[in-house]
1. Looking at the range 189-346, what % of its DSSP beta bridges pair antiparallel, to the nearest 5?
2. Using label points projected 7 Å from each Cα along Cα→Cβ, tell me how many nm separate Ser146 and Asp308, to one decimal.
3. Which value, in Å², gives the accessible area per residue of the range 6-57 when a 1.4 Å probe is used on the protein heavy atoms?
4. Can you give the accessible area per residue of the range 63-327, in Å², using a 1.4 Å probe?
5. So which lysines pass the test for Lys48, namely a Cα distance under 23 Å, with those fewer than 8 places away in the same chain ruled out?
6. Which FRET efficiency, nearest 0.05, do Thr202 and Asp222 yield, Cβ-Cβ r, R0 30 Å?
7. Helix-only mean residue ellipticity at 222 nm, the chain, DSSP H runs n ≥ 4 weighted -39,500 (n - 2.57), per residue, nearest 500. What is it?
8. Just need the relative contact order of the chain here, percent rounded to a whole number, with Cα pairs under 8 Å and 6+ apart.
Amino acid sequence: MTHQTRYDLDREDLGEVLAGEPSYRVTQVWEGLYSHCTEPDDWSNVPKVLRSMVNTKLPAALNKAAESISDDGQTIKWLWNLHDAKQVETVLMHYPERSTVCVSSQAGCAMACSFCATGQAGFDRHLSVGEIVEQVAVASRTASKSGRRLSNIVFMGMGEPFANYERTWRSVERIHDDLGIGARHITISTVGIVPGIRRLTTEALPVNLAVSLHLANDQERDELVPINRRYPLDELADACHAYVEATHRRLSFEWALIDGVNDTDRHAQELADYARPLRAHVNLIPLNPTPGYMVRGTPPGRVRTFADTLERLGINATIRRTRGTEIDAACGQLRANQGSTPVQLG
Ligand code: SAH
């Protein structure tokens, strides 16, 4: 490993880094990191020398570059500097009944979906396990400070999780095993990387799968979601079918409603025909504005009509309210500092 940070290590690795310390000290450090999600300086039960050793040998992966708050404090977006000056974003959202963190799996994204700000900016690199897990730890610590418990994790931030499968999955295991978040409260969202879906089908932990569909005919999807040329809709449906058969879990499709692009009756019909055999649930998100894509989101009245049409065709659909649009924290707006004006710190 090139650059080791504190959430890269499993328990055994931590024991090795702290070799010579009594095992109860290793336990205290581990609990500080995973049971309390706090920083070494907060561990009053641990001697100062050991705390500073952890700070030096195991630096934090994420350095706060900016923090933006919206929705009356219910949505918080962080912009992080990584050790090599790459940047990623994380969004924490509080709802009455749950608190959800949206984590990034890559700095940038190579999928190039035209309507997504991350795709417009291009790919920087994969995130490490430590960089992914620390996003969850920070969110958990922040939630606790306002008397909330982090309950849900969605891999819907920057990047394509299945283009970084290995590290994403090891993060999921760490989040489940060590941060204690149930697999059913973890959702991985993919643009439709077929080998990733096939691999997920074989995993033991029952996490949720969401597929960002947006169009259900190859001709139009090829344009909007270029990876469709590599993994066309038939192959995607086969992989989704195998997943549902093997896991008996409910699949969801994400559909960003774009004015005149994918919101007509014909599009609803195509989506219904595609989703029905898979018994998939559809999440409708009116398109959020991004700098590089000039088409608007579908107006509210037609969002309703589209949802009604789906229901009539026997498809369960939910209209998602977007969070954090004014701080560019909503779906498809994460772009690591370009085009947004977050609150700058220090
Ligand atoms: N690469 C993964 C994870 C990103 S999740 C994936 O594609 O699923 C981010 C979600 O927001 C995806 O469903 C994506 O298609 C959607 N999205 C992208 N740009 C958007 C926009 N401008 N408005 C609304 N949703 C958008």
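The values are calculated or read from the model by the stated rules, or taken from the named source; none is laboratory data. These figures come from a predicted structure and were not determined experimentally. Ideal geometry is used to build each Cβ from the backbone, glycine not excepted, and the neighbour counts take in all protein chains shown. Protein only, heavy atoms only, side chains kept; ligands, DNA and RNA dropped before computing areas. Shrake-Rupley method; radii C 1.70, N 1.55, O 1.52, S 1.80 Å.
1. 10
2. That separation, rounded to one decimal, is 3.6 nm.
3. Values: 2820 Å² over 52 residues.
Heavy-atom SASA per residue in the range 6-57 reads 54 Å².
4. Heavy-atom accessible area per residue stands at 40 Å².
5. Qualifying lysines at Cα under 23 Å: Lys57.
6. Details: r = 29 Å, r/R0 = 0.96.
It comes to 0.55.
7. So the calculated ellipticity at 222 nm is -10000 deg cm²/dmol.
8. Relative contact order here is 16 percent.
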